[in-house]
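The values are calculated or read from the model by the stated rules, or taken from the named source; none is laboratory data. These numbers were taken from a predicted model, which means no experiment stands behind them. So basically every Cβ, Gly included, is an ideal-geometry build from the backbone, and we count neighbours across all protein chains shown. Calculation scope for accessible area: heavy atoms of the full protein, side chains included, ligands and nucleic acids excluded. Shrake-Rupley method; radii C 1.70, N 1.55, O 1.52, S 1.80 Å.
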Amino acid sequence: MSEVLVETKNLVKEFKIRRRFGGGDRFIRAVDNVSITLREGENLALVGESGSGKSTLGRLTLGLLRPTSGNVFYMGKDIWKMTKEEFREFRRNAQIIHQDPYSSFNPVKTIFYSLSTPLLHHKIARNKREAYHMVADLLRRVGLEPPSDFMNRYPSRMSGGQLQRIAIARAISLRPKYIVADEAVSMLDASLRLGIIDLLLDLQKEYGLSYLFITHDLGITRYFIHKGGGKVAVMYLGSLVELGKGEEVIRNPYHPYTRILVEASPIPDPKMAKSRGIPKLRSLDIPSLTNIPPGCKFSSRCPYADTICEKKVPEYRKVDDRLVACHYAEQFKTGE
Ligand SMILES: Nc1ncnc2c1ncn2[C@@H]1O[C@H](COP(=O)(O)OP(=O)(O)OP(=O)(O)O)[C@@H](O)[C@H]1O
Ligand SMILES: [Mg+2]
């Protein structure tokens, strides 16, 4: 089996929030005791509603945020115990692709400038001439041809899909091992999304990358996992509720929340889905992070919740190869 590349252990991130009418400081727990592992060359798709803590978890794994408690390991080393040199090397190896390519490029710099600067800075290119050839190769690699058509353009003169390809070129330019794709296709036209996912997966094969692929869209997750394989992790209000082999989690979810996500995103091929009818949420409101229900966080909306769920926080249960944070995970497995 391949080596563990990125690992989090009992990771917690709290943010201080301001009170409108005085009073003491309050904290919200955006990431609550999350442990995940990602092996070299593997994928982990992170799914959940808006505000469930996906981006915060992604940023923690990149060392862009410091955890409140818990650890992030990169190749077995705690990133916050690394020497300056080790941390710099880690940051080169761990890159991000954002949702909005227009806000992730400097609007007054050309594409050549944006792509060549990191190459020169990290001494991957020794001079501008070498950088030019490397940038041209990168542009070709992400499907932008001829490269000379794009080198001197400004971000505003490119389409969203083209610019997202440039963002991918920039992310791979320093030859990283780990990439967080944070809603990388969510803002694109539906017609362009699959092409970008295909590109990410082709690059994975070529360079042996590992992806943390973040999305709120189960249809996108389904495509990504179907083509690229890997695990799915489902988050709800900062907690991981289900984690397992992607195809299996999507085909037969055990946690009621995952079931609702999957059933709400129907697919045309009935053979791929094992529908049990859509369970109705008890409440459509997502509780606020400042007002989380006691017991299971999902209990206020879960169609199956009973008094235990409302009182007791569920521990992770291992059902088959899967981790499920639900008191009744075993029953959901057998469909009782
Ligand atoms: N820097 C910050 N300061 C205070 N609160 C923050 C900060 N960053 C995130 N949060 C809060 O943490 C929670 C989780 O946010 P996060 O952006 O990680 O969610 P998400 O799952 O990525 O959502 P989305 O799908 O909308 O991108 C939210 O309630 C958010 O408002
Ligand atoms: Mg986000």
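Some values worked out for this structure:
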item: Sequence-separation-based contact order of the range 210-262, relative, with Cα cut under 8 Å and 6+ spacing, percent; result: 27
item: Per-selection Rg to Rh, the chain - Cα, Kirkwood hydrodynamic radius; result: 0.99
item: Mean-position separation - Cα centroids, the range 33-110 and the range 118-197, in angstrom; result: 19
item: Fully extended contour minus Cα-Cα distance, from Tyr113 to Ser156, at 0.36 nm per residue; result: 14.0 nm
item: For Ser191, solvent-accessible area (1.4 Å; no DNA, RNA or ligand), Å²; result: 100
item: Cα gyration tensor category, rounded, prolate or oblate, for the range 116-165 with a/c compared to 1.5; result: prolate
item: Listed residues Glu263, Glu242, Glu315, most fluctuating in the chain (Gaussian network, C-alpha, under 10 Å); result: Glu315
item: Å² of accessible area per residue within the chain, as computed with a 1.4 Å probe and no ligands counted; result: 50
item: Candidate lysines - alpha carbon under 23 Å from Lys333, same-chain residues fewer than 8 apart omitted; result: Lys231, Lys245, Lys271, Lys274, Lys280, Lys297, Lys311, Lys312, Lys318
item: Shape category assigned to the range 52-97 from the gyration tensor of Cα positions, a/c cut at 1.5; result: oblate
item: Highest-fluctuation residue, Ile220, Ile172, Ile124 considered, GNM on the chain with Cα pairs under 10 Å; result: Ile124
item: Heavy-atom accessible surface of the chain: percent carbon and sulfur, 1.4 Å; result: 51
item: Nitroxide proxy distance, nm - points 7 Å out along Cα→Cβ at Leu284 and Tyr102; result: 3.0
item: Within a Gaussian network of the chain (alpha carbon springs, distance under 10 Å), most fluctuating of Gly295, Gly238, Gly230; result: Gly295
item: The chain: DSSP helices with Cα axial extent of at least 18 Å and average Kyte-Doolittle hydropathy no lower than -1.0; result: 128-141, 160-173, 190-207
